[in-house]
């Protein structure tokens, strides 16, 4: 298995030793985030940048919480660009990266 | 308060779960999660102690939810939790009544924890203040002024009337009749009862200090004024200022007091700014102020300004059966406080109590009855346990062995003082001709 792209230390610290809590948080993450990611990509494709920014805003704390640090800055950039309403050249690559990394994290977390 | 009921309004499942977990580490916290702003508003009837509100919700914006909460439940602290730091939004939210603004970063949970504890501590203090206030209120309830006589019932009616408005009240009565108790009963039954009641005894403060005591002073206003000082009038803002022994006030300061009462504002000594005052004024004196006005010791304009609703407290000797009622009350209270068991008053002792004029009024009665309770044997107060230490008691008078003429003039003077210099009444009481009294006054055998 490849190196873990997530870091649960913040979550574990919060859990204060409760494995059950960590488990339930992972379940919740896997339950909601894929749908959100899907909506994010959809909104981008439809050029609805405002909705895209809103979804990015919602996904952002999840990425932070699960320590998916590779896209920590990228998701912020997506939100920022969406908010200003400019369909920047950067966007396609950013969306692609967020999409890839998050999907990878779903796979890895499923077998945690 | 034992349980702190916390609402978390958050549409992000993960964040909601995390917040719930974190706050629930303290078993005293009872957390309820809502996904939408409307759900939170619909559940406000449960009266949460604290609300954590996510700024961006799917249905309503954070500021809308905040406004709605503040409209119906302004007392509930609302803490906004936001995904990003935005100073101008934060300032706006705080202006709208948010208790705090927390950004969802790595410090968020610490700040939530701290905020929760703050709210808990505030709620505890609020409860405590509420409890103390109730205690104080019941302490100065009407029921603390005891009596069934017509004379005191008239006073009760006036207190009630005074409490309904913020009219100035002037209380007169001999020493020990309970002028301060009446002032407190008015204050603690009136609208401003949650605001301070500030009492100043004019006779107890040296004239040169009184002005700054009442109106305050600015730093450096005079030698020794090292710091700024708030005066009693300012302290009493919204409540009551009680000026006891107003008859003793220096005539120069009376002019300043009059100005304050007319303008409803004070200027601190050495200051330039005026400060609006809205305290109710209650004054008391054992003197006959109308007489003092005639003698030129009290300003006439101030007298009328202060008269307001006059309440005249009857001396104890004019309160018929109240004397025994109060005597028994004081004995019971004293016995209860000191765990002495039940104490009775023998009928001879009762006669002795009833036949004494009580120049020191209720205050004297209380002291005498407390001493009698201590001296009493076998739970019964006998005449020998009742000691009057009044300075003009007849025993003391006789031991001086003065001339009869001297005695006569002293007795008449005593009566004249007691009955407000009413010569006709005194002549009748002592069964002498009023011309006798006038002659003695004229010959300076009696000084009035």
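The values are calculated or read from the model by the stated rules, or taken from the named source; none is laboratory data. None of the values given here were measured: they were computed from a predicted structure. Virtual Cβ from ideal backbone geometry, glycine too; neighbours counted across all protein chains shown.
Among the residues of segment A:36-48, some residue qualifies, meaning at least one is under 11 Å from the mean Cα position of the chain (by Cα), within 12 Å of chain B (Cβ to nearest Cβ) and surrounded by fewer than 19 Cβ atoms within 10 Å (Cβ to Cβ). Being crowded, with 16+ Cβ neighbours inside 10 Å and in a loop (DSSP other than H, G, I, E, B) is the filter here; which residues of segment B:102-120 pass it? B:104, the sole residue that qualifies.
Restricting attention to segment A:2-35, the residues that are touching a residue at least 12 places away in the same chain (Cβ under 8 Å), closer than 21 Å to residue B:11 by Cα and more than 9 Å from chain B (Cβ to nearest Cβ) total 4. Going residue by residue through segment B:64-71, is there one that turns out to be over 21 Å from residue A:58 (Cα atoms) and outside any helix (DSSP H, G or I)? No, the conditions are met nowhere in segment B:64-71. Under the condition of being under 13 Å from residue B:59 (Cα atoms) and within 14 Å of another protein chain (Cβ to nearest Cβ), the residues counted in segment B:26-35 number 1. Only a single criterion out of (1) part of a helix (DSSP H, G or I); (2) surrounded by fewer than 17 Cβ atoms within 10 Å (Cβ to Cβ); (3) within 14 Å of chain B (Cβ to nearest Cβ) is not satisfied by residue A:103, namely (3). Can you find a residue that is surrounded by fewer than 18 Cβ atoms within 10 Å (Cβ to Cβ), on the phi > 0 side of the Ramachandran plot and more than 14 Å from chain A (Cβ to nearest Cβ) anywhere in segment B:61-78? No, segment B:61-78 contains no residue that is surrounded by fewer than 18 Cβ atoms within 10 Å (Cβ to Cβ), on the phi > 0 side of the Ramachandran plot and more than 14 Å from chain A (Cβ to nearest Cβ).
Looking across segment B:82-101, the residues that are in contact with a helix residue (DSSP H, G or I) (Cβ under 7 Å, 6 or more places away or on another chain), in contact (Cβ under 8 Å) with a residue 24 or more places away in the chain and either under 19 Å from residue B:12 (Cα atoms) or assigned to a loop (DSSP other than H, G, I, E, B) (or both) come down to B:83, B:96, B:97, B:98. Taken together, the criteria place residue B:370 among residues that are in a helix (DSSP H, G or I), in contact with a helix residue (DSSP H, G or I) (Cβ under 8 Å, 6 or more places away or on another chain) and either closer than 16 Å to residue B:176 by Cβ or modelled with pLDDT under 90 (or both).
Here residue B:74 clears all of (1) over 19 Å from residue A:36 (Cβ atoms); (2) in contact with a strand residue (DSSP E or B) (Cβ under 9 Å, 6 or more places away or on another chain) except the condition numbered (2).
Test of understanding: among A:54, A:67, which residue is assigned to a loop (DSSP other than H, G, I, E, B), within 14 Å of chain B (Cβ to nearest Cβ) and crowded, with 16+ Cβ neighbours inside 10 Å? Steps first, please.
Working: A:54 fails: assigned to a loop (DSSP other than H, G, I, E, B).
When all the criteria are applied, what remains is A:67.
When residue B:58 is tested against (1) surrounded by fewer than 20 Cβ atoms within 10 Å (Cβ to Cβ); (2) more than 12 Å from every other protein chain (Cβ to nearest Cβ), only condition (2) is not met.
Hey, does segment B:41-49 have a residue that's within 12 Å of chain A (Cβ to nearest Cβ) and buried (at least 22 other Cβ atoms within 10 Å of the Cβ)?
Within segment B:41-49, none of the residues are within 12 Å of chain A (Cβ to nearest Cβ) and buried (at least 22 other Cβ atoms within 10 Å of the Cβ).
Pick from B:23, B:4: which is in contact (Cβ under 8 Å) with a residue 24 or more places away in the chain, more than 12 Å from chain A (Cβ to nearest Cβ) and surrounded by 15 or more Cβ atoms within 10 Å (Cβ to Cβ)? B:4 is the lone residue from the list that is in contact (Cβ under 8 Å) with a residue 24 or more places away in the chain, more than 12 Å from chain A (Cβ to nearest Cβ) and surrounded by 15 or more Cβ atoms within 10 Å (Cβ to Cβ). Screening residue B:221 with (1) over 23 Å from residue B:155 (Cα atoms); (2) in a helix (DSSP H, G or I); (3) in contact (Cβ under 8 Å) with a residue 24 or more places away in the chain gives one miss only, at (2).
Residue B:39 fulfils the conditions (1) in contact with a strand residue (DSSP E or B) (Cβ under 6 Å, 6 or more places away or on another chain); (2) modelled with pLDDT of 90 or more; (3) closer than 29 Å to residue A:33 by Cβ except for a single criterion, (1). The listed residues are A:110, A:80, and the only one of them that is more than 11 Å from the chain's Cα centre (by Cα) and within 13 Å of chain B (Cβ to nearest Cβ) turns out to be A:80.
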